[in-house]
Amino acid sequence: MSEDIDVGLEQAVAEFYQSMGIHQGPGDIQYRLILRVLGKNEGKITEFSEIRKYTDQFADKGSIGSKMKTVFQLEGLVEKVKRGGYIVTDKGITASNFLKDSTAFYKKNKRMGEIIERMP
Amino acid sequence: MNAGLLLNATICFAITISSFAFAWVLARNEEEHSEKSKPALWSLVILWSLVGLTYLPTTIRMIAAYFGKENLDIMMYSLAVIPFSFVAVPLVFFILYVIAGSKKISAYISLLFVLFGASFLMFLFTKGIIGPIVSEYGSIFTINSDIAINIYMMGLFVIPTAMIIGFLLLIFLQKMPKHLRYRTALPLVAISFVFDFMLTDMITMVDVMQLVARLFVLIGTVLAFLAYFPPMTLQEKLGIQKYQYELYEKDIDIDEEEEDVDV
């Protein structure tokens, strides 16, 4: 099922986690966007160019490529199936689901924060 | 002439004074609240004022009953029932505004409860009331309209109570700091106490139950006070007191500090 990636939301969530001292994983905007694109293409090949469509405003080609290699490939979240083509593994999907949970936690926390703010 | 009636009047007077005092303290501290919380604050001020306005004529009513002034009793009942009918309006606004954050939507839905209150009053005044039946502990009126009672039960009681319970559940299911949980849950419990026992007070046919219901309304008002101005002993017991501290300005060299520590 295709799902839209809200870059603004992902950035807000990443900043929320960074504000708690979590700078990697859920607090890393590059990691979030890459994993969101991979999760969206479950069972399909994800082109590197598609990932860059979302990450270009945050990082250059080199650092995304490096992240794909040193984090995603090394930890077995993706497998490289062709030049510039990756397929997400089951472990990658688990990571993607964790990312969704982190977004849900952010939303829940934000909503509750707003409720408390309105409480006299 | 019964001492029970005087006790009843005293409780009503205590509710009146404490509700008005609470509303006044909330209004006076307006500056301390953020712009976002002000609509909810004012709805609370109105709510507690309505509680006070309900129990002020009720106090006079109990004194009138003590002295056997039936006409004054009836007049004061008719007066008390007006603010009572609209207690649900600020309550609904408060809950909806705090949860949803929209002043407009909260106001429109509250308006619906103004209609419920007005129709309750209309049926109550057109069909009349039976009483007063003055007994040892209270003076009781019976509402002579089933429709009025049904409107009250369904529109003015069940829905706002369900809203309070829902909001409380939302708070209890959420992990949050202890002092925030206390600060959000206790006012709701207090409001729920006051609101539910006001209804019991209004529809009961038993004098002792009227007295007990009013006692619980008073407890609810005290709880509301405790929610906003918790005494230090309670704060310590619940572990919600704010630790008084000053920021340590000197830059710390962690390595140096570790060396100083005698392990």
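The values are calculated or read from the model by the stated rules, or taken from the named source; none is laboratory data. Since the model is a prediction, treat every value here as computed from it, not as a measurement. In this analysis, Cβ positions are derived from the backbone assuming ideal geometry, glycine residues included, and neighbour counts consider all displayed protein chains.
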Which condition does B:ILE17 not pass, out of (1) away from every other protein chain (no Cβ under 14 Å); (2) among the β-branched types (Val, Ile, Thr); (3) within 24 Å of B:TYR152 (Cβ to Cβ), if it passes all the others?
(3)
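For (1) touching a Phe, Trp or Tyr at 6+ places or on another chain (Cβ under 8 Å); (2) among the acidic types (Asp, Glu); (3) over 27 Å from B:SER18 (Cβ atoms), each residue gets a yes or a no:
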position: B:LEU53; (1), (2), (3): no, no, no
position: B:VAL89; (1), (2), (3): yes, no, no
position: B:SER106; (1), (2), (3): yes, no, no
position: B:LEU111; (1), (2), (3): no, no, yes
Out of A:SER49, A:SER96, A:SER19, sole residue that is among the polar types (S, T, N, Q), surrounded by 18 or more Cβ atoms within 10 Å (Cβ to Cβ) and either more than 30 Å from A:GLY113 (Cα to Cα) or in contact with a helix residue (DSSP H, G or I) (Cβ under 9 Å, 6 or more places away or on another chain) (or both):
A:SER96
Count of residues meeting criterion [exposed (fewer than 13 other Cβ atoms within 10 Å of the Cβ) and within 10 Å of A:ILE34 (Cα to Cα)] in the stretch A:52-74
0
What about A:GLY21, is it at positive phi and at pLDDT 95 or above?
yes
Suppose we filter B:PRO177, B:PRO187, B:PRO160 for residues that are of a type outside the set (A, V, I, L, M, F, W, C) and away from chain A (no Cβ under 14 Å); which single one remains?
B:PRO160
Single condition B:LEU72 does not satisfy, out of (1) surrounded by 19 or more Cβ atoms within 10 Å (Cβ to Cβ); (2) over 28 Å from B:ILE99 (Cβ atoms):
(1)
I'd like the full set of residues that are out of contact with any helix residue (DSSP H, G or I) (no Cβ under 8 Å at 6 or more places or on another chain) and either within 16 Å of A:ALA95 (Cα to Cα) or not small (Gly, Ala, Ser) (or both), limited to the stretch A:54-76.
A:ASP56, A:ASP60, A:LYS69, A:THR70, A:GLN73, A:LEU74
Tell me which residues, restricted to the stretch B:131-147, are assigned to a loop (DSSP other than H, G, I, E, B) and either in contact (Cβ under 8 Å) with a residue 24 or more places away in the chain or farther than 27 Å from B:LEU5 by Cα (or both).
B:SER135, B:GLU136, B:TYR137, B:GLY138
If the requirement is being farther than 22 Å from B:ILE164 by Cβ and in contact (Cβ under 8 Å) with a residue 60 or more places away in the chain, which of these qualifies: B:LEU91, B:LEU56, B:LEU72, B:LEU7?
B:LEU7
Going through the stretch A:65-120 one residue at a time, which ones are over 18 Å from A:ALA14 (Cβ atoms), of a type in the set (D, E, K, R) and within 14 Å of chain B (Cβ to nearest Cβ)?
A:ARG111, A:GLU114, A:GLU117, A:ARG118
Take residues that are at pLDDT below 85 and tell me which of the helices (runs of 4 or more DSSP H) falling wholly in the stretch B:178-263 contain 3 or more.
B:178-203, B:232-238, B:254-260
Which ones in the stretch B:120-137 are within 22 Å of the chain's Cα centre (by Cα) and within 26 Å of B:ILE63 (Cα to Cα)?
B:LEU121
Only one of these is closer than 21 Å to B:ALA224 by Cβ and either crowded, with 20+ Cβ neighbours inside 10 Å or not polar (S, T, N, Q) (or both): B:PHE167, B:PHE120. Name it.
B:PHE167
